[in-house]
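*Asks:* This structure is in structure tokens; I'll ask about it shortly.
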Amino acid sequence: MNIRCPECKTRYRVDDEKISGKTVYARCARCQTRFAIKKNRHGQKPPCSDAPQTLFCNRCGQKSDRRFAVNGKPVCEKCYKTLSTRKREKPVSEYCMPRKSQNQKNSSNRNGSGGIFGMIGKMFSNDMAIDLGTANTLVYIRKKGIVLNEASVVALRTDARYEKSVIAVGCEAKEMMGKTPHNITAVRPMRDGVIADFETTGIMLQHFIRKARRGRNIFKPRMLIAIPSGITPVEKRAVREAAEQAGARSVSLIEEPMAAAIGADLPVADPICNMVVDIGGGTTEVATISLAGVVSGKSVKIAGDRMDDAIMRYIRKKYNFIIGERTAEFVKMTIGNACPDPRNPESMEVKGWNIISGEPKIFSVNALEIREAIGEQLDAIVEAVKIVLDRTPQELTANVIDRGILLTGGGALLKRLDRFLMEKSGLPVTVADDPLSTIVLGSGKAMISPDIFSRVVVS
């Protein structure tokens, strides 16, 4: 049974079994008005139900079956026609007013279009683009540029009750890797370009967003997040939910190759082929782009992390030494070379643990050995480039011969990698001006331009 307060018109639903007599009295929780409730007779609807009722005209006081409204007040049909030459409202009934469903409300909240509040939110919120990478996370804020560049690492402490708490995030947590006691672990919640630990990723994103915004903000930000092109719908949903958990008002996704092309100022909207090779920490993205879309692409889970693992395995197998992940990365960045000089290779001293003697010692490695260690990963990247070129239409392949390949990502910083790709593919290769930040810059540019944004955002 539906009832309504005669004063404030608040509606309530009451179970018929709770009305013991013919008439009971109730008090409105909103305006504290006391009114009578009469029990239904012979299955008739109560006078306060949702069915249309006879109304009284606010102008002449006569009854009216048809419901019109002028200036928000009910009037009869005759008065409505009399006032028709004046400014009037659309004939409506307060019982027939269209209401948004819960799904429509949720959709409006997700899109950030909640009427006047949505417009104010767009004006004052710090919209941000995020490159959620396996190794590093970069944040770009509208009108401010890149405001954060941190390692995608979280340090967790486990107490006596086996409850975990965050003690460090970002570069501070990365410094703890390999140096923690048994109750502290430094984890990387992103693996192979996707979320491996959902809860920890949400905590990390929340920390980065709070640090990037730096201050009290009333409105939640809209986010554009760069993702690998080969992830599944389930992995996309995990990224969206992690961002919403971190405090996003709405979340949009863009593929990393497209963001890298926009960040390098390539004409992605023109009917010209733009080939991008993005080598990150967890994945390598290879794609040909034309008319603001990916014509052909391939994502392989072989990138910087796999190179570090290969260096660790090579040194352990050849020298019987154990080195850590950070040491392997440092060796790669220092003397790693895709095309080393065989007559005068670079070398460096490395500290490690000797398996045979059980003692820490110092040994020397050179660039030729590191090239041999990462040879398998480099060959896999070249194979991915050839597969994408083979799938690209011939007219666009002709453009690649003239325009060449754009190399981005942290892996592009490997010495003479552009020359290696040039020799293997036979195409000109160009390294982006700032390979590490190309993707987040492109995401920021796409977020600012509504024209490009609507064409490159993925569902």
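*Asks:* For the range 295-325, which residues satisfy the criterion of being of a type in the set (A, V, I, L, M) and surrounded by 15 or more Cβ atoms within 10 Å (Cβ to Cβ)? Give the steps one after another, and end with the answer.
*Replies:* If we filter the range 295-325 for residues that are of a type in the set (A, V, I, L, M), which is where we start, we get 295, 300, 302-303, 307, 310-312, 315, 322-323.
Within the range 295-325, VAL295, VAL300, ILE302, ALA303, MET307, ALA310, ILE311, MET312, ILE315, ILE323 qualify.
*Asks:* Just to be sure I understand, how many residues within the range 339-377 are crowded, with 20+ Cβ neighbours inside 10 Å and more than 17 Å from ARG316 (Cα to Cα)?
*Replies:* 2
*Asks:* Any chance you could count how many residues in the range 138-152 are buried (at least 24 other Cβ atoms within 10 Å of the Cβ) and either assigned to a strand (DSSP E or B) or hydrophobic (A, V, I, L, M, F, W, C) (or both)?
*Replies:* Within the range 138-152, residues that are buried (at least 24 other Cβ atoms within 10 Å of the Cβ) and either assigned to a strand (DSSP E or B) or hydrophobic (A, V, I, L, M, F, W, C) (or both) number 3.
*Asks:* Filtering the range 187-234 down to residues that are in contact with a helix residue (DSSP H, G or I) (Cβ under 7 Å, 6 or more places away or on another chain) and small (Gly, Ala, Ser), which residue is farthest from VAL166 (Cα to Cα)?
*Replies:* Looking at residues that are in contact with a helix residue (DSSP H, G or I) (Cβ under 7 Å, 6 or more places away or on another chain) and small (Gly, Ala, Ser), I get SER229.
*Asks:* I'd like the full set of residues that are within 15 Å of ALA226 (Cα to Cα) and assigned to a loop (DSSP other than H, G, I, E, B), limited to the range 272-290.
*Replies:* Passing the criteria: GLY280, GLY281, GLY282, THR283.
Conditions tested, residue by residue: (1) in the same structural domain as GLU285 (by TED's automatic domain parsing); (2) more than 23 Å from ALA328 (Cβ to Cβ); (3) in contact with a Cys (Cβ under 8 Å, 6 or more places away or on another chain).
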{"residue": "GLY358", "(1), (2), (3)": "no, no, no"}
{"residue": "THR397", "(1), (2), (3)": "yes, yes, yes"}
{"residue": "VAL400", "(1), (2), (3)": "yes, yes, yes"}
{"residue": "ILE405", "(1), (2), (3)": "yes, yes, no"}
{"residue": "THR408", "(1), (2), (3)": "yes, no, no"}
{"residue": "ARG416", "(1), (2), (3)": "yes, no, yes"}
{"residue": "SER425", "(1), (2), (3)": "yes, yes, no"}
{"residue": "SER454", "(1), (2), (3)": "yes, yes, no"}
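*Asks:* Identify, by number, the condition in (1) part of a loop (DSSP other than H, G, I, E, B); (2) without any contact (Cβ under 8 Å) to a residue 60 or more places away in the chain that ALA155 doesn't meet.
*Replies:* Exception for ALA155: condition (1).
*Asks:* Listed residues LYS361, LYS332; which is more than 21 Å from LEU414 (Cβ to Cβ) and at pLDDT 90 or above? Walk me through how you get there before you give the answer.
*Replies:* Values: LYS332 fails: more than 21 Å from LEU414 (Cβ to Cβ).
The conditions single out LYS361.
*Asks:* Looking only at the range 434-450, count how many residues are over 18 Å from the mean Cα position of the chain (by Cα) and touching a residue at least 12 places away in the same chain (Cβ under 8 Å).
*Replies:* 2
*Asks:* Let me ask something else. For the range 435-452, enumerate the residues that are touching a Ser or Thr at 6+ places or on another chain (Cβ under 9 Å) and surrounded by fewer than 16 Cβ atoms within 10 Å (Cβ to Cβ).
*Replies:* Selection gives nothing.
*Asks:* Then there's this: Here are the criteria: (1) under 19 Å from VAL139 (Cβ atoms); (2) outside the structural domain of LEU417 (by TED's automatic domain parsing); (3) assigned to a loop (DSSP other than H, G, I, E, B). Tell me which single one SER252 does not satisfy.
*Replies:* The number of the failed condition is (3).
*Asks:* Against the definition (more than 31 Å from the chain's Cα centre (by Cα) and farther than 30 Å from LYS143 by Cβ), how does ILE370 come out, yes or no?
*Replies:* On the way: more than 31 Å from the chain's Cα centre (by Cα): yes; farther than 30 Å from LYS143 by Cβ: yes.
So ILE370 passes the test.
*Asks:* Sort out which residues of the range 396-432 are acidic (Asp, Glu), in contact (Cβ under 8 Å) with a residue 12 or more places away in the chain and surrounded by fewer than 17 Cβ atoms within 10 Å (Cβ to Cβ), and write them in order of number.
*Replies:* At the first step, the residues of the range 396-432 found to be acidic (Asp, Glu) are 402, 418, 423.
Adding the requirement that they be in contact (Cβ under 8 Å) with a residue 12 or more places away in the chain leaves 418, 423.
Hit for the range 396-432 is GLU423, nothing else.
*Asks:* Have a look at LYS318, LYS351 and point out the one that is outside any strand (DSSP E or B) and modelled with pLDDT of 90 or more.
*Replies:* Working: LYS351 fails: outside any strand (DSSP E or B).
Selected residue: LYS318, the only one of LYS318, LYS351 that is outside any strand (DSSP E or B) and modelled with pLDDT of 90 or more.
*Asks:* Given ALA328, ALA292, ALA259, which one is crowded, with 16+ Cβ neighbours inside 10 Å, among the aliphatic types (A, V, I, L, M) and at positive phi?
*Replies:* Working: ALA328 fails: at positive phi; ALA259 fails: at positive phi.
From the options ALA328, ALA292, ALA259, the qualifying one is ALA292.
*Asks:* Shifting gears a bit: For MET177, which of the numbered conditions (1) farther than 30 Å from GLY293 by Cα; (2) in contact with a Pro (Cβ under 6 Å, 6 or more places away or on another chain) fails to hold?
*Replies:* Every listed condition holds for MET177 apart from (2).
The values are calculated or read from the model by the stated rules, or taken from the named source; none is laboratory data. Remember, predicted model here, so these are calculated numbers, not experimental data. Note that we place each Cβ from the backbone using ideal geometry, even for glycine, and neighbour counts take in every protein chain shown.
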